[in-house]
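Right, one structure below, let's go through it.
The values are calculated or read from the model by the stated rules, or taken from the named source; none is laboratory data. These figures come from a predicted structure and were not determined experimentally. Methodologically, a virtual Cβ is constructed for each residue, glycine included, from the backbone with ideal geometry; neighbour enumeration extends over all protein chains shown. The protein model used for the area step is the full one, side chains on, heavy atoms only, and it has no ligands, DNA or RNA in it. Shrake-Rupley method; radii C 1.70, N 1.55, O 1.52, S 1.80 Å.
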Amino acid sequence: MNILLVGAGLSGAVIGRELAEDGHQVTIVESRDHIAGNCHTERDGETGIMVHVYGPHIFHTDDEQVWDYVNRHATFLPYKNRVKTTSKGTVFSLPINLHTINQFFGRSMRPDEALEFIINEQADTSIEDPKTFEEQALRFVGKDLYEAFFKGYTIKQWGMQPSELPASILKRLPVRFNYDDNYFFHKFQGMPEDGYTKMVEKILDHPSITVHLNTRFTRDQADQYDHVFYSGPLDGYFDFELGRLGYRTLDFERFTYDGDYQGCAVMNYGEEDIPYTRITEHKYFSPWEEHEGSVCYREFSRACGPDDIPYYPIRQVDEKALLADYVDLAETTKGVTFVGRLGTYRYLDMDVTIREALDTADMFRKSVANGTDMPTFAVAP
């Protein structure tokens, strides 16, 4: 069959490679001038450092099949994400762990003492069923830790008060009563030695795959193919005819430094009066390399405009209502499957994106074998 994929990020690359190996002819169109989507990496021309152009991407997963898949296309080296945060002029370790708690409160508690201290002296136990981010934080760690590490950062990141955000956002963040400062707890963690773009390039390296960069998709192109997998914005497919789904976008302020600037890959700034959410120092994402200089980025979050790159779906009440309308509209569209972060308006980690892409390709195989229609959404938004 003649297959079109819109977008050369992880979703398009993985689905395209799977279907090419099945014998289909695969065409990929990408509106940007590079492959790999938002996990695109490139060497900085001034420093030679491997830069995560659209912000840091750290690979972590418990899915052994996905881990094996990425390791077939790249050499992954060990990497642990150890985030720091500055609050009122003092540097602390994130996620909140025993060191953070003891340092913040000027104590030297053992794990069981710290747990008892947080539960009995800090947590707001009157909140029995937290509905909002703020309620979850107050119930979880109490007012002092919430205001030091979560409140200001969240206001800057999402552009709204934590009392307006769902509790589910905070539930992803761990609190540890030991000295483990590894941000993630997944079994497999690492970074591709030569960057994500080289990995995606290898995934796309197949004689039945043709990639066109700087090429915008229009709906009339769909008629030229047997099936389309679309990983662009769901509302963009329909030319925003029902309105625009809400996203947050990021601005990056690059600067260089002669030596080490902050001594770690990621330094958060939780105070609201500091306009940026964090500073990333990119040579620390490749600890196996040595660089005398450094390239850093201040990261600013704001509402996404029509010409901006969408990063984080907001998924508040109004957006969910509009999303439901777009899903209904999409269901009337034949021969198209919406995939990935933008196509399903969901925040997805890289490993989940790859897992869903592999499952989508398998779903397509079965639909071809059974003579049935491929679903509009392999995973419901």
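Before moving on, here are some points about what is shown:
- For Ser11: the one exception among (1) surrounded by 23 or more Cβ atoms within 10 Å (Cβ to Cβ); (2) outside any helix (DSSP H, G or I): (2)
- When residues of the stretch 22-78 are limited to those that are in a loop (DSSP other than H, G, I, E, B) and of a type in the set (S, T, N, Q), the one surrounded by the most Cβ atoms within 10 Å (Cβ to Cβ): Thr47
- Under the condition of being in a loop (DSSP other than H, G, I, E, B), modelled with pLDDT of 90 or more and among the charged types (D, E, K, R), the residues counted in the stretch 153-187 number 4.
Yes/no per residue for (1) touching a residue at least 40 places away in the same chain (Cβ under 8 Å); (2) open to solvent by 80 Å² or more (accessible area, probe 1.4 Å):
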{"position": "Leu170", "(1), (2)": "no, no"}
{"position": "Asp180", "(1), (2)": "yes, no"}
{"position": "Met191", "(1), (2)": "yes, no"}
{"position": "Thr197", "(1), (2)": "yes, no"}
{"position": "His206", "(1), (2)": "yes, no"}
{"position": "Ile209", "(1), (2)": "yes, no"}
{"position": "His212", "(1), (2)": "yes, yes"}
{"position": "Phe217", "(1), (2)": "yes, no"}
{"position": "Gln224", "(1), (2)": "yes, yes"}
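- Complete set of residues in the stretch 311-328 that are touching a helix residue (DSSP H, G or I) at 6+ places or on another chain (Cβ under 9 Å) and farther than 22 Å from Glu164 by Cβ: Tyr326, Val327
- From the list Met199, Met267, the lone residue that is part of a helix (DSSP H, G or I) and touching a strand residue (DSSP E or B) at 6+ places or on another chain (Cβ under 8 Å) is Met199.
- Filtered by the rule that a residue be in contact with a Gly (Cβ under 9 Å, 6 or more places away or on another chain), part of a helix (DSSP H, G or I) and not hydroxyl-bearing (Ser, Thr, Tyr), the stretch 209-264 gives Ala222, Asp223, Leu234, Asp235.
- Residues being within 30 Å of Gly16 (Cα to Cα) and charged (D, E, K, R) are entirely absent from the stretch 295-304.
- Residues in the stretch 183-193 include at least one that is under 27 Å from Asp349 (Cβ atoms) and over 18 Å from the mean Cα position of the chain (by Cα).
- Only one of Arg302, Arg346 that is in contact (Cβ under 8 Å) with a residue 60 or more places away in the chain and either open to solvent by 30 Å² or more (accessible area, probe 1.4 Å) or outside any loop (DSSP other than H, G, I, E, B) (or both): Arg302
- For the stretch 275-292, the candidate set comprises residues that are touching a residue at least 24 places away in the same chain (Cβ under 8 Å) and loosely packed, with under 15 Cβ neighbours inside 10 Å; within that set, the residue that is nearest to Ile155 (Cα to Cα) is Pro275.
- Applying the condition of being of a type in the set (Gly, Ala, Ser) and assigned to a loop (DSSP other than H, G, I, E, B) to the stretch 103-118 and asking which residue is least open to solvent (accessible area, probe 1.4 Å) yields Gly106.
- Residue selected from the stretch 155-168 under the condition within 22 Å of the chain's Cα centre (by Cα) and open to solvent by 30 Å² or more (accessible area, probe 1.4 Å), by the criterion nearest to Asp112 (Cα to Cα): Ser168
- Pair list, Cβ < 8 Å and 6+ apart or interchain, from the stretch 67-95 residues that are farther than 30 Å from Phe150 by Cβ to residues that are in a strand (DSSP E or B) and aliphatic (A, V, I, L, M): Phe76/Met191; Leu77/Met191
- Consider the stretch 119-130 and keep the residues that are out of contact with any helix residue (DSSP H, G or I) (no Cβ under 7 Å at 6 or more places or on another chain) and assigned to a helix (DSSP H, G or I). The one that is most open to solvent (accessible area, probe 1.4 Å) is Glu121.
- Those residues of the stretch 83-102 which are outside any strand (DSSP E or B) and surrounded by fewer than 15 Cβ atoms within 10 Å (Cβ to Cβ), in sequence order: Lys88, Gly89
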